[in-house]
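The values are calculated or read from the model by the stated rules, or taken from the named source; none is laboratory data. As the structure is a prediction and not an experimental result, all values here were calculated from the model. Quick reminder, even Gly has a Cβ in these numbers, built from the backbone with ideal geometry, and neighbours come from all protein chains shown.
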Amino acid sequence: MKMLMIITSTDCRAEVETFLKEQQVPGWTEIPTVFGEGHTGPKFGSWAFPGTSTIIFSVVENERFDGIMAVLKEHCTKCRYNSHILSWDVDMVEVKH
C-alpha cells in the first residue's frame, strides 16, 4: 500500500476530490484549512497573507499507484495552483473490534 499526501491550495480542493472520485480511489481524509509558508509564500488566511492550503491523505494499492500518480501529475502540471504530492509505503494494519 502507498500513502498519498496531496498539499494544494484550498481553491483547488474540489478539483482534487473530483479527481480522486474519477480514479475510483475508495476514500480519503482531508484537513481542509492549513496555514504555512513554502515556495509560493506565506498562506495564513489573512489580509496580509491571503489564502490557505488543504491536505488530503489517501491509501492506494501498489498496483494502482503508478497509474493514479501519472494522471495526477499530468493534472497538477496543467493546474494554476502549486500542488505538492508526497507518497510513502505503508503497512495495512487491521484492527478488529
*Determine the pairs where a residue that is closer than 11 Å to residue 54 by Cβ and modelled with pLDDT under 85, located within the range 1-15, has a partner that is buried (at least 17 other Cβ atoms within 10 Å of the Cβ) and among the polar types (S, T, N, Q) with Cβ atoms under 8 Å apart, the partner being 6 or more residues away or on another chain.*
12/54; 12/83
_All positions within the range 16-34 that are more than 23 Å from residue 49 (Cα to Cα) and either loosely packed, with under 14 Cβ neighbours inside 10 Å or not aliphatic (A, V, I, L, M) (or both)_ = 17, 18, 19, 21, 22, 23, 24, 26, 27, 28, 29
*Being in a strand (DSSP E or B), exposed (fewer than 15 other Cβ atoms within 10 Å of the Cβ) and of a type in the set (D, E, K, R) narrows it down to one of 63, 74, 37, 94, so name that one.*
37
*Among the residues listed as 28, 47, 88, the single one being free of Cβ contacts under 8 Å to residues at least 40 places away in the same chain and within 17 Å of the chain's Cα centre (by Cα)*: 28
*Unique residue being modelled with pLDDT of 90 or more, of a type outside the set (Gly, Ala, Ser) and loosely packed, with under 13 Cβ neighbours inside 10 Å when the list is 42, 50*: 50
*asked:* Being more than 14 Å from residue 83 (Cα to Cα), of a type in the set (A, V, I, L, M, F, W, C) and part of a helix (DSSP H, G or I) is the filter here; which residues of the range 1-28 pass it?
replied: 20
